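Data first, discussion second: the structure below is written as C-alpha coordinates.
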Amino acid sequence: SLIAQALCKGLEDKGQVLLVALFWPNRTWFSELVLLSSIPPWRIPPFSGKGHNLAPTPRSLEPPSLVPGRDQEDFRDLPPMVVNTLIQARAPSTRQLYDLKWHIFVNWCSSRGEDPQRCGIESVLSFLQGGLDRHQSASTLKVHVAAISANHYLVEGRSVGKHDLVIRFLRGARRLNPPRLHLIPSWDLAVVLQALQQDPLSPFSQSTVTALTSVKRVVDLQALSLNDLCLEFGPADSHVVLRPRPGYVPKVPTTPFRDQVLTLQAIPSQEGDPNLSLLCPVRAVHIYLERTQPFRRSHQLFVFFGGQQSPNRGSPQKTPQYS
(Lines give C-alpha, C1' and ligand atoms only; values in the text may rest on other atoms or scores of the structure.)
Protein backbone atom coordinates (compact mmCIF):
# COMPACT_ATOMS: atom_id res chain seq x y z
CA SER A 1 0.00 0.00 0.00
CA LEU A 2 1.03 3.63 -0.35
CA ILE A 3 1.17 4.11 3.42
CA ALA A 4 3.50 1.11 3.81
CA GLN A 5 5.76 2.40 1.03
CA ALA A 6 5.94 5.85 2.64
CA LEU A 7 6.85 4.39 6.02
CA CYS A 8 9.53 2.16 4.52
CA LYS A 9 11.03 5.12 2.68
CA GLY A 10 11.11 7.16 5.86
CA LEU A 11 12.76 4.34 7.78
CA GLU A 12 15.43 3.89 5.12
CA ASP A 13 16.21 7.62 4.89
CA LYS A 14 15.98 8.16 8.65
CA GLY A 15 13.53 10.92 7.92
CA GLN A 16 10.95 12.71 10.01
CA VAL A 17 7.29 12.37 9.18
CA LEU A 18 4.25 14.35 10.25
CA LEU A 19 1.25 12.28 9.22
CA VAL A 20 -2.22 13.74 8.77
CA ALA A 21 -4.63 10.95 7.92
CA LEU A 22 -8.23 9.93 8.31
CA PHE A 23 -9.05 8.55 11.75
CA TRP A 24 -9.78 4.91 10.86
CA PRO A 25 -8.87 2.86 13.94
CA ASN A 26 -10.40 -0.30 12.43
CA ARG A 27 -7.97 -0.37 9.50
CA THR A 28 -5.13 -2.89 9.75
CA TRP A 29 -2.45 -0.27 9.14
CA PHE A 30 -3.71 2.02 11.91
CA SER A 31 -2.30 -0.12 14.71
CA GLU A 32 1.10 -0.17 12.98
CA LEU A 33 1.11 3.61 12.78
CA VAL A 34 0.35 3.75 16.49
CA LEU A 35 3.40 1.59 17.25
CA LEU A 36 5.62 3.89 15.19
CA SER A 37 4.24 7.07 16.75
CA SER A 38 5.94 8.96 19.55
CA ILE A 39 2.56 10.10 20.91
CA PRO A 40 -0.93 8.60 20.59
CA PRO A 41 -2.92 9.75 17.55
CA TRP A 42 -5.21 12.66 18.24
CA ARG A 43 -7.95 14.33 16.26
CA ILE A 44 -7.44 17.77 14.80
CA PRO A 45 -10.11 20.15 16.16
CA PRO A 46 -12.39 22.01 13.74
CA PHE A 47 -10.78 24.99 12.02
CA SER A 48 -11.58 28.17 13.95
CA GLY A 49 -10.35 30.65 11.38
CA LYS A 50 -7.84 32.17 13.79
CA GLY A 51 -5.15 29.72 12.85
CA HIS A 52 -2.73 28.11 15.22
CA ASN A 53 -0.02 25.50 15.15
CA LEU A 54 -1.59 22.06 15.48
CA ALA A 55 1.50 20.10 14.54
CA PRO A 56 3.10 17.90 17.20
CA THR A 57 6.85 17.53 17.25
CA PRO A 58 7.88 15.12 14.48
CA ARG A 59 10.04 12.14 15.35
CA SER A 60 12.55 10.14 13.44
CA LEU A 61 11.30 6.83 12.12
CA GLU A 62 14.64 5.29 13.10
CA PRO A 63 14.07 3.31 16.31
CA PRO A 64 16.30 4.17 19.26
CA SER A 65 18.31 0.94 19.08
CA LEU A 66 17.75 -0.42 15.61
CA VAL A 67 19.17 -3.94 15.25
CA PRO A 68 20.25 -4.93 11.72
CA GLY A 69 18.43 -7.81 10.10
CA ARG A 70 19.92 -11.28 10.22
CA ASP A 71 20.69 -11.15 6.51
CA GLN A 72 23.09 -8.29 7.04
CA GLU A 73 25.24 -10.50 9.26
CA ASP A 74 24.88 -13.60 7.09
CA PHE A 75 25.88 -11.66 3.96
CA ARG A 76 28.82 -9.85 5.56
CA ASP A 77 31.61 -11.87 3.91
CA LEU A 78 29.92 -12.51 0.56
CA PRO A 79 30.75 -10.73 -2.71
CA PRO A 80 28.34 -7.89 -3.61
CA MET A 81 27.03 -9.69 -6.70
CA VAL A 82 26.20 -12.77 -4.63
CA VAL A 83 24.42 -10.61 -2.06
CA ASN A 84 22.36 -8.97 -4.79
CA THR A 85 21.32 -12.38 -6.14
CA LEU A 86 20.31 -13.58 -2.69
CA ILE A 87 18.28 -10.43 -2.07
CA GLN A 88 16.38 -10.97 -5.31
CA ALA A 89 14.97 -14.22 -3.92
CA ARG A 90 12.07 -12.10 -2.66
CA ALA A 91 10.03 -9.73 -4.78
CA PRO A 92 10.64 -6.00 -4.11
CA SER A 93 7.14 -5.57 -2.71
CA THR A 94 7.72 -8.48 -0.33
CA ARG A 95 11.05 -7.08 0.84
CA GLN A 96 9.45 -3.71 1.42
CA LEU A 97 6.58 -5.21 3.39
CA TYR A 98 8.88 -7.38 5.50
CA ASP A 99 11.08 -4.38 6.22
CA LEU A 100 8.13 -2.40 7.55
CA LYS A 101 6.87 -5.27 9.72
CA TRP A 102 10.36 -5.96 11.03
CA HIS A 103 10.87 -2.35 12.09
CA ILE A 104 7.57 -2.47 13.97
CA PHE A 105 8.80 -5.52 15.87
CA VAL A 106 12.18 -3.84 16.50
CA ASN A 107 10.40 -0.83 18.02
CA TRP A 108 8.30 -3.11 20.20
CA CYS A 109 11.37 -4.99 21.46
CA SER A 110 13.36 -1.79 21.99
CA SER A 111 10.64 -0.37 24.24
CA ARG A 112 11.00 -3.49 26.41
CA GLY A 113 14.78 -3.73 26.35
CA GLU A 114 14.81 -6.99 24.36
CA ASP A 115 16.95 -8.12 21.45
CA PRO A 116 14.63 -8.50 18.43
CA GLN A 117 16.95 -11.06 16.83
CA ARG A 118 17.48 -13.28 19.86
CA CYS A 119 14.41 -12.79 22.05
CA GLY A 120 12.52 -15.87 23.18
CA ILE A 121 9.44 -17.27 21.54
CA GLU A 122 7.36 -15.93 24.44
CA SER A 123 8.26 -12.39 23.38
CA VAL A 124 7.21 -13.06 19.80
CA LEU A 125 3.90 -14.49 21.01
CA SER A 126 3.31 -11.46 23.26
CA PHE A 127 3.92 -9.17 20.29
CA LEU A 128 1.45 -11.14 18.17
CA GLN A 129 -1.10 -11.13 20.98
CA GLY A 130 -0.90 -7.34 21.04
CA GLY A 131 -1.77 -7.28 17.36
CA LEU A 132 -4.66 -9.67 17.92
CA ASP A 133 -5.96 -7.47 20.74
CA ARG A 134 -6.00 -4.60 18.24
CA HIS A 135 -8.19 -6.74 15.99
CA GLN A 136 -5.51 -7.49 13.42
CA SER A 137 -6.51 -10.38 11.18
CA ALA A 138 -4.75 -13.73 11.20
CA SER A 139 -3.39 -13.01 7.72
CA THR A 140 -1.82 -9.76 8.96
CA LEU A 141 -0.26 -11.57 11.92
CA LYS A 142 1.07 -14.19 9.52
CA VAL A 143 2.92 -11.47 7.59
CA HIS A 144 4.45 -10.26 10.85
CA VAL A 145 5.59 -13.81 11.58
CA ALA A 146 7.15 -14.14 8.12
CA ALA A 147 9.04 -10.85 8.55
CA ILE A 148 10.27 -11.83 12.01
CA SER A 149 11.32 -15.27 10.75
CA ALA A 150 13.40 -13.65 8.01
CA ASN A 151 15.44 -11.69 10.58
CA HIS A 152 15.26 -13.65 13.85
CA TYR A 153 17.77 -16.34 14.71
CA LEU A 154 16.59 -19.93 14.90
CA VAL A 155 14.71 -20.95 18.01
CA GLU A 156 15.27 -24.54 19.10
CA GLY A 157 16.66 -25.30 15.65
CA ARG A 158 13.63 -23.91 13.82
CA SER A 159 12.60 -20.59 12.37
CA VAL A 160 10.01 -18.58 14.29
CA GLY A 161 7.34 -19.31 11.71
CA LYS A 162 7.82 -23.08 12.07
CA HIS A 163 7.74 -23.15 15.85
CA ASP A 164 4.86 -25.25 17.21
CA LEU A 165 3.58 -22.52 19.51
CA VAL A 166 3.54 -19.91 16.75
CA ILE A 167 1.66 -22.27 14.44
CA ARG A 168 -0.90 -22.98 17.16
CA PHE A 169 -1.20 -19.27 17.93
CA LEU A 170 -2.03 -18.42 14.32
CA ARG A 171 -4.66 -21.16 14.27
CA GLY A 172 -6.20 -19.76 17.42
CA ALA A 173 -6.11 -16.22 16.03
CA ARG A 174 -7.95 -17.41 12.94
CA ARG A 175 -10.71 -18.85 15.12
CA LEU A 176 -10.94 -15.85 17.44
CA ASN A 177 -10.86 -13.31 14.61
CA PRO A 178 -12.11 -15.09 11.48
CA PRO A 179 -11.94 -13.34 8.10
CA ARG A 180 -14.75 -10.88 7.57
CA LEU A 181 -17.30 -11.81 4.97
CA HIS A 182 -17.65 -9.18 2.27
CA LEU A 183 -21.35 -9.00 1.50
CA ILE A 184 -20.88 -8.31 -2.18
CA PRO A 185 -23.29 -9.99 -4.59
CA SER A 186 -21.71 -12.39 -7.04
CA TRP A 187 -21.36 -10.92 -10.51
CA ASP A 188 -23.29 -12.18 -13.51
CA LEU A 189 -21.23 -12.61 -16.69
CA ALA A 190 -24.29 -12.11 -18.90
CA VAL A 191 -25.04 -8.77 -17.24
CA VAL A 192 -21.42 -7.66 -17.63
CA LEU A 193 -21.31 -8.57 -21.32
CA GLN A 194 -24.60 -6.79 -21.96
CA ALA A 195 -23.33 -3.64 -20.25
CA LEU A 196 -20.13 -3.73 -22.30
CA GLN A 197 -22.22 -3.55 -25.48
CA GLN A 198 -23.91 -0.32 -24.47
CA ASP A 199 -22.90 3.27 -23.87
CA PRO A 200 -20.97 4.58 -22.09
CA LEU A 201 -18.85 1.46 -21.52
CA SER A 202 -18.48 0.57 -25.19
CA PRO A 203 -15.89 0.88 -26.62
CA PHE A 204 -13.95 1.93 -23.51
CA SER A 205 -13.86 -1.58 -22.07
CA GLN A 206 -10.63 -2.87 -23.55
CA SER A 207 -9.06 -4.08 -20.31
CA THR A 208 -12.25 -5.88 -19.28
CA VAL A 209 -12.64 -7.60 -22.64
CA THR A 210 -8.96 -8.56 -22.66
CA ALA A 211 -9.17 -9.89 -19.11
CA LEU A 212 -12.27 -11.97 -19.86
CA THR A 213 -10.91 -13.44 -23.07
CA SER A 214 -7.37 -14.11 -21.81
CA VAL A 215 -8.28 -15.20 -18.26
CA LYS A 216 -5.14 -13.52 -16.91
CA ARG A 217 -4.37 -11.81 -13.63
CA VAL A 218 -4.22 -8.02 -13.46
CA VAL A 219 -0.44 -8.05 -12.89
CA ASP A 220 -0.02 -10.11 -16.06
CA LEU A 221 -2.21 -7.74 -18.05
CA GLN A 222 -0.11 -4.86 -16.75
CA ALA A 223 2.97 -6.43 -18.36
CA LEU A 224 1.49 -6.29 -21.88
CA SER A 225 3.44 -3.94 -24.12
CA LEU A 226 3.07 -1.97 -27.36
CA ASN A 227 6.60 -2.89 -28.39
CA ASP A 228 6.84 -4.11 -31.99
CA LEU A 229 7.88 -7.52 -30.68
CA CYS A 230 4.94 -7.71 -28.29
CA LEU A 231 1.91 -6.55 -30.31
CA GLU A 232 0.90 -7.99 -33.66
CA PHE A 233 -2.40 -7.94 -35.56
CA GLY A 234 -3.29 -10.82 -37.86
CA PRO A 235 -4.37 -10.56 -41.52
CA ALA A 236 -7.61 -8.59 -41.86
CA ASP A 237 -7.59 -8.18 -38.07
CA SER A 238 -8.50 -11.84 -37.67
CA HIS A 239 -6.66 -11.95 -34.36
CA VAL A 240 -4.22 -10.03 -32.18
CA VAL A 241 -1.09 -11.42 -30.55
CA LEU A 242 -0.07 -9.95 -27.18
CA ARG A 243 3.17 -10.62 -25.32
CA PRO A 244 4.58 -9.33 -22.02
CA ARG A 245 7.28 -6.69 -22.25
CA PRO A 246 10.90 -7.89 -22.56
CA GLY A 247 12.49 -8.49 -19.19
CA TYR A 248 9.17 -8.87 -17.38
CA VAL A 249 9.66 -10.76 -14.12
CA PRO A 250 6.42 -11.73 -12.37
CA LYS A 251 6.17 -11.88 -8.60
CA VAL A 252 6.20 -15.68 -8.90
CA PRO A 253 9.03 -16.30 -11.42
CA THR A 254 7.83 -19.84 -12.14
CA THR A 255 4.62 -18.60 -13.75
CA PRO A 256 4.46 -19.64 -17.43
CA PHE A 257 3.13 -16.21 -18.41
CA ARG A 258 6.63 -14.79 -18.49
CA ASP A 259 7.17 -16.20 -21.99
CA GLN A 260 3.56 -16.87 -22.90
CA VAL A 261 1.90 -15.55 -26.05
CA LEU A 262 -1.74 -14.46 -25.90
CA THR A 263 -3.66 -14.86 -29.12
CA LEU A 264 -7.12 -13.29 -29.05
CA GLN A 265 -9.42 -14.21 -31.92
CA ALA A 266 -11.78 -11.71 -33.52
CA ILE A 267 -15.55 -12.21 -33.43
CA PRO A 268 -16.98 -12.29 -36.98
CA SER A 269 -19.70 -9.66 -37.26
CA GLN A 270 -21.91 -11.82 -39.50
CA GLU A 271 -22.31 -14.62 -36.97
CA GLY A 272 -25.23 -14.61 -34.51
CA ASP A 273 -26.13 -11.36 -32.79
CA PRO A 274 -24.58 -8.34 -34.57
CA ASN A 275 -24.04 -6.73 -31.17
CA LEU A 276 -21.48 -9.42 -30.37
CA SER A 277 -18.99 -7.54 -32.53
CA LEU A 278 -18.95 -4.88 -29.81
CA LEU A 279 -17.27 -7.47 -27.59
CA CYS A 280 -14.58 -8.32 -30.12
CA PRO A 281 -11.20 -8.09 -28.34
CA VAL A 282 -9.37 -7.19 -31.57
CA ARG A 283 -11.77 -4.30 -32.16
CA ALA A 284 -11.37 -3.19 -28.55
CA VAL A 285 -7.57 -3.14 -28.80
CA HIS A 286 -7.69 -1.14 -32.05
CA ILE A 287 -10.04 1.49 -30.65
CA TYR A 288 -8.15 1.73 -27.39
CA LEU A 289 -4.84 2.34 -29.17
CA GLU A 290 -6.37 5.01 -31.38
CA ARG A 291 -8.00 6.86 -28.49
CA THR A 292 -4.93 6.84 -26.23
CA GLN A 293 -2.27 7.53 -28.88
CA PRO A 294 -2.34 11.38 -28.65
CA PHE A 295 -1.43 11.45 -24.96
CA ARG A 296 0.30 8.12 -24.36
CA ARG A 297 3.66 8.40 -22.57
CA SER A 298 4.50 4.75 -22.13
CA HIS A 299 4.89 1.57 -24.16
CA GLN A 300 2.69 -0.20 -21.64
CA LEU A 301 -0.61 -1.29 -23.15
CA PHE A 302 -2.86 -0.02 -20.37
CA VAL A 303 -2.75 3.59 -19.18
CA PHE A 304 -4.68 5.48 -16.52
CA PHE A 305 -5.39 9.09 -15.67
CA GLY A 306 -3.41 10.35 -12.70
CA GLY A 307 -5.39 13.36 -11.52
CA GLN A 308 -4.39 16.46 -13.51
CA GLN A 309 -1.45 14.67 -15.07
CA SER A 310 -1.48 13.01 -18.43
CA PRO A 311 -2.14 9.27 -18.60
CA ASN A 312 0.70 7.24 -17.25
CA ARG A 313 1.56 3.59 -16.90
CA GLY A 314 -1.16 1.44 -15.41
CA SER A 315 -0.69 -0.30 -12.08
CA PRO A 316 -2.32 -3.50 -10.83
CA GLN A 317 -4.60 -1.39 -8.66
CA LYS A 318 -5.51 1.10 -11.39
CA THR A 319 -5.95 -1.25 -14.34
CA PRO A 320 -9.39 -2.60 -13.41
CA GLN A 321 -10.60 0.88 -12.44
CA TYR A 322 -9.53 3.15 -15.29
CA SER A 323 -8.88 1.16 -18.46
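The values are calculated or read from the model by the stated rules, or taken from the named source; none is laboratory data. Just so it is clear, the model here is predicted, and its values are computed rather than measured. All Cβ positions, even for glycine, are placed from backbone atoms using ideal geometry, and neighbour counts span all protein chains on display.
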*Does the stretch 175-193 contain any residue that is surrounded by 13 or more Cβ atoms within 10 Å (Cβ to Cβ), farther than 30 Å from Leu301 by Cα, of a type outside the set (Val, Ile, Thr) and at pLDDT 70 or above?*
yes
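Among the residues of the stretch 75-85, is there at least one that is surrounded by fewer than 17 Cβ atoms within 10 Å (Cβ to Cβ), outside any strand (DSSP E or B) and modelled with pLDDT under 80?
yes
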*Only residues in the stretch 238-250 that are surrounded by fewer than 17 Cβ atoms within 10 Å (Cβ to Cβ) count as the first member; pair them with residues that are assigned to a strand (DSSP E or B) and among the charged types (D, E, K, R), Cβ under 8 angstrom, at least 6 apart or cross-chain, and list the lot.*
Val241/Glu232
*Please work out which residue is modelled with the highest pLDDT, limiting yourself to the stretch 214-254 and to residues that are of a type in the set (Val, Ile, Thr) and out of contact with any helix residue (DSSP H, G or I) (no Cβ under 8 Å at 6 or more places or on another chain).*
Val241
*Cross-chain or 6+ apart pairs with Cβ under 9 Å, the stretch 149-172 first and over 17 Å from Lys101 (Cα atoms) and not assigned by TED's automatic domain parsing to the domain that holds Ala138, then buried (at least 18 other Cβ atoms within 10 Å of the Cβ) and not small (Gly, Ala, Ser)*: none
*Does at least one position in the stretch 200-213 carry a residue that is over 25 Å from Gln293 (Cα atoms), aliphatic (A, V, I, L, M) and at pLDDT below 80?*
no
